[in-house]
Amino acid sequence: MSDASAQPVGRGLRLRPLGLLALAALLSLAVSLALGSVAIGPDELLAVLAGGGDALHQTLVLELRLPRALAAFGTGALLALAGALMQILLRNPLADPYVLGLSGGASVAALAAMLAGLGVALVTGAAFAGALASTLIVFGLAHGTGSWTPTRLLLTGVVMAAGWGALISFLLAVSPVERLPGMLYWLMGDMAYAGSPWPVLGVAVVSLLVVMPLGRTLNVLARGGLQAAALGVAVRPLEWTLYLLASLLTAVAVTTAGSVGFVGLMVPHMLRLRLGNDQRLILPASLLAGGTLLTLADTLARTLIAPQQLPVGVITALLGVPSFLYLLYRSR
């Protein structure tokens, strides 16, 4: 992260892109509610949201599409916000929420629960516990008997992710054939079993309220730990806070939708290219843009080959890979 891109942005200049992103978020939710195996026109959609409309449309919108769209928005918001925090913590613009092996820990625990024949609620709880356990393991190994650095933390996470990957392959190899489709869908990211959207939305809002007052301090930390310490920032407690918060956000997102890649990597990175590196703008912008992206991706996953559905992780990968390659090409 360059110092030139870390200049503070005025309040008026911050509100303008945030307003556009909020409008895009509302439009993405409207598109998600309108499109599907049964298309619903704008007038009928407004009637349903106002409490009227056809009974079938009410069921489709209020009971099926709206909870899933809100869950997708909340999951994307968490991943993008976690990615923005990880990029500050590791001082690496290409860090993402899964870089420390959190997704691997959640995946191993969830697949083990599926293999044991546990219900959806217990699988969700196992995924959350696995993500938090991976967080504690990585943090403990990276800290050791001394202090951890961003490089040490990153390398420990990469090694742990490789270990979790080996365990995932083992669980898939020994699983009964009839359970493999559900396990693979979960690994690729699937919003079909997301459940209630309110926990993930609540965590997103509370997390943003927690980090926004730290915006100026995070701008200093993004320039480097030594410079931040010289300016009076309590670097180590702040880094612990960012690490634990990003881990919690990732754990909740993975618990809700499985492993959805590229959202936490691409969204904050592309926003920094367009809007600069003022965290007071990047953090709320990441939340809105990440939610919008995953909502639209889930809409594509539901409608592209309807009535069949694709895992949303397939859509984000198809969008993320060429975007990432384009960014690498431009960075030359």
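Bear in mind that the values in this text are calculations on the coordinates, not laboratory data. These figures come from a predicted structure and were not determined experimentally. For neighbour counting, all protein chains shown are included, and Cβ atoms are generated from backbone atoms with ideal geometry for every residue, glycine included.
The reciprocal of the average 1/r between distinct C-alpha atoms defines the Kirkwood hydrodynamic radius, which for region 160-314 equals 17.8 Å. Stretching L23 away from R274 to a fully extended chain increases their span by 88.6 nm, per 0.36 nm per residue minus the current alpha-carbon distance.
For region 99-215, the orientation-averaged shadow of the C-alpha convex hull comes to 8.9 nm² (one quarter of the hull surface).
Once both labels are positioned 7 Å from their Cα atoms along Cα-to-Cβ, the gap between L122 and Y326 label points is 4.6 nm. When only alpha carbons are used to place a centre, region 41-99 and region 226-247 end up 30 Å from one another.
With springs connecting C-alpha atoms under 10 Å apart, model the chain as a Gaussian network and identify which of L248, L89, L49 has the largest mean-square fluctuation. Sorting by GNM fluctuation, first place goes to L49. Using a cutoff of 8 angstrom between alpha carbon atoms and counting only pairs six or more residues apart, the relative contact order for the chain works out to 33 percent.
Three principal axis extents of region 277-326 based on alpha-carbon atoms, in descending order, are 43, 23, 11 Å. Estimated from helical segments only, the mean residue ellipticity of the chain at 222 nm is -24000 deg cm²/dmol, where each DSSP H run of four or more residues counts as -39500 (n - 2.57). Taking N as the residue count of region 22-106, its C-alpha radius of gyration divided by 2.2 N^0.38 Å amounts to 1.48. Modelled label positions at E178 and R16, each set 7 Å beyond Cα in the direction of Cβ, lie 6.1 nm from each other.
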